[in-house]
Amino acid sequence: MEIKMSEKMTYKVLKQEGRAKRAVMETVHGTIQTPVFMNVGTVAAIKGAVSTEDLEGLGTQVELSNTYHLHVRPGDEKIKAMGGLHRFMSWNKPILTDSGGFQVFSLAGLRKIKEEGVTFRCHIDGHKIFMGPEESMRIQSNLASTIAMAFDECAPAKAERSYVQPSVDRTTRWLERCKKEMARLNSLDDTINKQQLLFGINQGAIYSDIRIEHAKRITDLDLDGYAVGGLAVGETHEEMYHILEETVPYLPVDKPTYLMGVGTPVNILEAVRRGVDLFDCVMPTRNARHGHAFTWQGIRNMMNAKYTLDESPLDPECDCPVCQSFTRAYIHHLFKSGEMLGMRLCVMHNIYFYNTLLERIRQALDADEFEGFYAKYVPILGVRI
């Protein structure tokens, strides 16, 4: 099944196993095989001293950067003057930029939401910043990313229904403004990427009926792709899985389905099974910087003294550059000594592990063996060993 979504992109579902889908997405910056994990470089860099050249060797397909942070520093106008984010960070594959909407949530103590947009204080020096749908689209256009996310409000998972429903209604109105502004920006002569894609975001906290109705409303806008946002922000894993089961069937299967900010390897397997095929999360890099390595046997804490004389690689089943060259004992020593190299090596391994996990999920779907893969690894990948 192939859908010509626009002149900007095609998205072809190659196979389905239950709700799980295997697809290929052609963009102006190259091909994306899905399901895919997008590696998070918030300020146009992966934390842990990992370069875009490193990412090439670690199997990264898509890099994700943060609209708000790049607007604050170095400034989106400066990045546009440098030829856009791809040239700025020396990356020639797809980039997704989030909209700044999550900062509306994460900087909750510093912001004020109105119909026009959000005024909040910069986390660096406290100066006031206004961002609405049009501002977010203009910043992302200056960055010239492959995929721009619509500006939304991420309501707290446990927020009252009386707060969530008006918030979702406003997010829908903001989405309509985003679509109009992106069409205008993509028509301008000085726009770097005139084929920038727009994904809408489903919100609704843990209220299934609000989520479903919102999914129907945003599907009617015929966008390039759709995300489920506002999860992994305080609800249980069971609540998250329930929301996906209820909501994803109301999003178009013939367009990308993105679960924002999720998650653990087990979360990813569960979400793929429920129809999601794009993911991002800081977990592999953040946890790595604290010595936690994801492996095919479970999660290892490299600070543990049991690795002091361990000559094995981080993961004997992994063929990443780290596992090919370094022992657990050496990486343990680096962390105990406070050496940055320990963080770098662990970050590289975890990025490779996540990218390989998604590659193996794709292979399992290609072979009609996803259910077996899921059953084998769900009990293993979240266990601390």
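The values are calculated or read from the model by the stated rules, or taken from the named source; none is laboratory data. These numbers were taken from a predicted model, which means no experiment stands behind them. Quick reminder, even Gly has a Cβ in these numbers, built from the backbone with ideal geometry, and neighbours come from all protein chains shown.
Just one of the numbered conditions (1) free of Cβ contacts under 8 Å to residues at least 24 places away in the same chain; (2) crowded, with 21+ Cβ neighbours inside 10 Å; (3) not acidic (Asp, Glu) is not true of Ile268: (1).
For the stretch 142-192, the candidate set comprises residues that are under 19 Å from the mean Cα position of the chain (by Cα) and of a type in the set (Ser, Thr, Tyr); within that set, the residue that is farthest from Gln103 (Cα to Cα) is Thr146. The test for being surrounded by fewer than 23 Cβ atoms within 10 Å (Cβ to Cβ) and more than 24 Å from Gly41 (Cα to Cα) holds for Phe326.
Residue by residue, here is whether (1) assigned by TED's automatic domain parsing to the domain that holds Met182; (2) under 19 Å from Ala150 (Cα atoms); (3) touching a residue at least 24 places away in the same chain (Cβ under 8 Å) holds:
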{"residue": "His29", "(1), (2), (3)": "yes, no, yes"}
{"residue": "Asp76", "(1), (2), (3)": "yes, yes, yes"}
{"residue": "Lys93", "(1), (2), (3)": "yes, no, yes"}
{"residue": "Leu96", "(1), (2), (3)": "yes, yes, yes"}
{"residue": "Glu116", "(1), (2), (3)": "yes, yes, no"}
{"residue": "Arg121", "(1), (2), (3)": "yes, no, no"}
{"residue": "Ile124", "(1), (2), (3)": "yes, no, yes"}
{"residue": "Ile129", "(1), (2), (3)": "yes, yes, yes"}
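When each of Leu345, Leu314 is tested for being in contact with a Lys or Arg (Cβ under 8 Å, 6 or more places away or on another chain) and crowded, with 21+ Cβ neighbours inside 10 Å, the lone residue that passes is Leu314. Restricting the first member to the stretch 38-51 and to residues that are assigned to a strand (DSSP E or B), and the second to residues that are among the aliphatic types (A, V, I, L, M) and surrounded by fewer than 21 Cβ atoms within 10 Å (Cβ to Cβ), the beta-carbon pairs closer than 6 Å and six or more apart or on different chains are Val40/Val282. Here Ala81 does not qualify as farther than 23 Å from Gln195 by Cα and either buried (at least 18 other Cβ atoms within 10 Å of the Cβ) or not assigned by TED's automatic domain parsing to the domain that holds Glu359 (or both). Of all residues in the stretch 161-169, none are in the same structural domain as Ala215 (by TED's automatic domain parsing) and within 19 Å of Gly75 (Cβ to Cβ).
Strands (runs of 3 or more DSSP E) fully within the stretch 135-238 that include at least 2 residues being touching a Lys or Arg at 6+ places or on another chain (Cβ under 8 Å): 197-202, 225-228.
Only one of the numbered conditions (1) at pLDDT 95 or above; (2) among the hydrophobic types (A, V, I, L, M, F, W, C); (3) at negative phi is not met by Ala205, and that is (3). On the stretch given as the stretch 180-203, residues that are touching a helix residue (DSSP H, G or I) at 6+ places or on another chain (Cβ under 9 Å) and either surrounded by fewer than 22 Cβ atoms within 10 Å (Cβ to Cβ) or not hydrophobic (A, V, I, L, M, F, W, C) (or both) total 16.
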